[in-house]
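Derivation of every value follows stated rules applied to the coordinates shown; laboratory data play no part. The structure displayed is predicted, hence computed values, not measured ones. Every residue, glycine among them, receives a Cβ derived from its backbone with ideal geometry; neighbour counts consider all protein chains shown.
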Amino acid sequence: MTAKVIDGKAFAAEVRAQVARHVTRLKQENGLTPGLAVVLVGEDPASEVYVRNKGKQTVECGMTSFEHKLEADTSEGDLLDLIARLNADSAVHGILVQLPLPGHLNSDLVINSIDPAKDVDGFHISNVGLLGTGQKSMVPCTPLGCLMMLRDHHGSLSGLNAVVVGRSNIVGKPMAQLLLGDSCTVTIAHSRTKDLAEVCRRADILVAAVGRAEMIPGDWVKPGATVIDVGINRVERDGKTRLLGDVAYDGAAAVAGAITPVPGGVGPMTIACLLANTLTACCRANGLPEPE
Ligand code: NDP
């Protein structure tokens, strides 16, 4: 069997086009322009690339992008002051603080200082609680993008065995909550899981969010399973830097029913969901119906 390749790049382009159509309508009918503020502290090269892409795609969708680049030694007080100003700014509907933050800053404190209604990353403790109790929340972008691809491929996910490898707050845990919300039987695996291979082989849906290049080989994949590879690992090979997922792609694609490639799978969907969340935040802030 050769797996169907789930084209995250094409799917993300559709999502962005839909967001752009809604933004045009919001401007025409309500005189509103959604605004996304992205805060970057320090000079992490990967983060700079992400922030640049986010800003570019925000503008391409017709929204306003506010970029705040702060020095690596910015104090916690100055960062919290900036967030307070963004919270109070009615032109800003979404606030994203790019992680990881430099070590002297308390990420939990900083994230929890964002107005939950503007927390388009869905990391604020209120949004985590709302998601965990099945209430309307801001849903973290990467797991949301994964869920959209899974729903698109499967239709209903009800009763499927889902295994999420990785238990981070930004990917693994919210992914598991979303799958549970769609009535999957969910297992969360991590570095202490015993016999990970056997656990993975039970998965109808296997989500890999580990951060170790090609850690999951093809023979851990159940024949016909859907594999969502969240991992983005930069690896030097043959003198070139390559982006590899957490799943050994060729081996997995030979047995899976469907698989997301790296790059071109989960990555583009993450930014598209960020834009969709910003649009949602703008609609909610103005008492308007949310886009489908
Ligand atoms: P973290 O480092 O925060 O979490 C990694 C998780 O993997 C941990 O729960 C860890 O377990 C688990 N893990 C580590 N080693 C093993 C192992 N040998 N066996 C089983 N589990 C293991 O990473 P993130 O969740 O932030 O990111 C995961 C990957 O996804 C990274 O490659 C990252 O770059 C990528 N990513 C991609 C995004 C996208 O848009 N496509 C967005 C966000 C992340 P434990 O808790 O026990 O330590």
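Observations, loosely collected:
- The C-beta contact set for region 147-175 (first residue touching a residue at least 12 places away in the same chain (Cβ under 8 Å) and farther than 13 Å from residue 209 by Cβ, second residue assigned to a helix (DSSP H, G or I) and within 8 Å of the ligand (Cβ to nearest atom), distance under 8 angstrom, 6+ apart or interchain) comprises 148/269; 149/266; 149/269.
- Restricting attention to region 1-53, the residues that are among the small types (Gly, Ala, Ser) and under 16 Å from the mean Cα position of the chain (by Cα) total 5.
- Residues located in region 183-192, provided they are closer than 22 Å to residue 223 by Cα and either among the aromatic types (Phe, Trp, Tyr) or surrounded by fewer than 22 Cβ atoms within 10 Å (Cβ to Cβ) (or both): 183, 185, 186, 187, 188
- Restricting 127, 87 to residues that are in a helix (DSSP H, G or I), touching a helix residue (DSSP H, G or I) at 6+ places or on another chain (Cβ under 8 Å), surrounded by 20 or more Cβ atoms within 10 Å (Cβ to Cβ) and not small (Gly, Ala, Ser) narrows the list to 127.
- Residue 139 within 15 Å of the ligand (Cβ to nearest atom), under 17 Å from residue 227 (Cβ atoms) and surrounded by 22 or more Cβ atoms within 10 Å (Cβ to Cβ): no
- Sole residue being buried (at least 16 other Cβ atoms within 10 Å of the Cβ), over 20 Å from residue 121 (Cβ atoms) and in contact with a helix residue (DSSP H, G or I) (Cβ under 9 Å, 6 or more places away or on another chain), chosen from 206, 147: 206
- Test: residue in region 165-181 that is part of a strand (DSSP E or B), buried (at least 16 other Cβ atoms within 10 Å of the Cβ), more than 11 Å from the ligand (Cβ to nearest atom) and on the phi < 0 side of the Ramachandran plot: no
- Members of region 219-249 found to be within 24 Å of residue 152 (Cβ to Cβ) and more than 16 Å from the ligand (Cβ to nearest atom), listed by number: 222, 223, 224, 225, 226
- Flag for residue 191 being in a loop (DSSP other than H, G, I, E, B) and more than 8 Å from the ligand (Cβ to nearest atom): no
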